[in-house]
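Input: a single structure, listed below in structure tokens.
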Amino acid sequence: MKFVDYVTITARSGRGGAGAVVFRRARYEPKGGPSGGDGGDGGSVVLVGDENLYTLLDLRYNRHHFAGSGEAGAGNDRKGADGEDIVLGVPPGTIVKVTGTDRVIGEIEQPGDRLVLVRGGRGGKGNAFFKSSTNQAPRHAQPGEPGEEKHITLELKLLADVGLVGLPNAGKSTLIASMSAARPKVAAYPFTTLEPALGVVYVEDYQSFVMADIPGIIEGAHEGKGLGLQFLKHIERNAVLLFVIPIDSKDLAGEYRTLLGELASYDEALLQKPRLLALSKIDLLPPAEQDLIPDVVRESFADDIDLIPVSSVANIGMTQLKHQLWTAIRRHRVSQEVEG
């Protein structure tokens, strides 16, 4: 499945129907009063959060959404039919902006959340509405209100429990493929994942969390270099950050500082998130050295961060990593409930 996290659409609401100017005509009532009904309301274009969606792909191939107009009123006080609404499902975490600006219209945070992009025009009042003791035969009605049209930009920020943070070719894609059913493209080149991938990691019965393999950082990402801001914006929504650094890195601590620096340059609040460090590709070392790695590497790090040596290929340390992530996630959820 192709991941799409940014799309621009055009939304147009329907025009309201015109009110009717009609007078009753019957044998028993030769001079009947006004009976013109109101026009129907125009349809609206509405976004709804859908927990079964993970991308904005559907909207990329269907960018124009025009709701139906209301029908005109009729005699016997009959109201015109309302125009049909258009309801667009989007993943939770979708931010809605006016295209070409930074003005946020709203956000779909949870499944079932609704946001009206453009509201349909109201139907006009028929002449029956204007009848009064001083105006018993009104000969006028209102036209329907026009609809509105907007160019809308939808931007998706991943709602994942764990976000993988690492330089290109750190082994993040292989790690998420090993821990979940996600199948990101994996290759031995010093480039990076081009599209985020979501994977569900099962811990025990009825317990699971969502992990996101997001495009890798390069130095200067906060300035827009590489995939830059397209990567960093997703990190904001992750509960726990898992740094992934390969054991064959020439400077483990230096690589870690680079990653921290890019996060801080984008938003210092990211440094307040719980984080763990996975030392990947541990299978490159002789078995006798693998158990010594945490103690040796610890001396290079100033942070008191949990270090977990792992190998996605050889399935080393993966169970420990999964349970430590789950512990960090549960702590985060408890703290969110207390704050809420």
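Some observations on this one:
- Stretch gain in nm, segment residue 26-residue 102, where the contour uses 0.36 nm per residue and the Cα spacing is subtracted: 21.4 nm
- Interchain or long-range residues, amide H under 5 Å from residue 105's placed H: 96, 97, 98
- Shown in residue order for the stretch 238-249 are the 3J(HN,Hα) couplings computed by the Karplus curve 6.51 cos²θ - 1.76 cosθ + 1.60 at θ = phi - 60°: 7, 6, 10, 9, 10, 7, 10, 10, x, 5, 8, 4 Hz (x for Gly and Pro).
- If R0 is 25 Å, the Cβ-Cβ spacing of residue 335 and residue 113 corresponds to a FRET efficiency of close to 0.60.
- Less than 5 angstrom separates the built amide H of residue 23 from those of 35, all sequence-distant by 5 or more or on a different chain.
- The slack in the chain from residue 95 to residue 151, taken as 0.36 nm per residue of separation less the alpha-carbon distance, amounts to 18.8 nm.
- Cut-off under 5 Å, modelled amide H: who pairs with residue 316 long-range: 311
- Förster radius 25 Å - calculated FRET efficiency between residue 284 and residue 203, Cβ distance, rounded to 0.05: 0.35
- The HN-Hα couplings worked out from phi for the stretch 68-78 by the Karplus form 6.51 cos²θ - 1.76 cosθ + 1.60 (θ = phi - 60°) are x, 8, x, 8, 5, x, 9, x, 6, 6, 7 Hz, whole numbers, x standing for Gly and Pro.
- Applying 0.36 nm per residue to the separation of residue 327 and residue 268 and subtracting their alpha-carbon distance, the gain on full extension is 18.8 nm.
- Packing rank of 103-113, 71-81, 168-178, where each peptide gets the mean count of other beta carbons within 10 Å, highest leading: 168-178, 71-81, 103-113
The numbers here are math on the coordinates, done by the rules we state, and not lab data. Note that the structure is predicted; figures quoted are calculated from it, not measured. Here the Cβ is made from the backbone with ideal geometry for all residues, glycine too, and neighbour counts use every protein chain on show.
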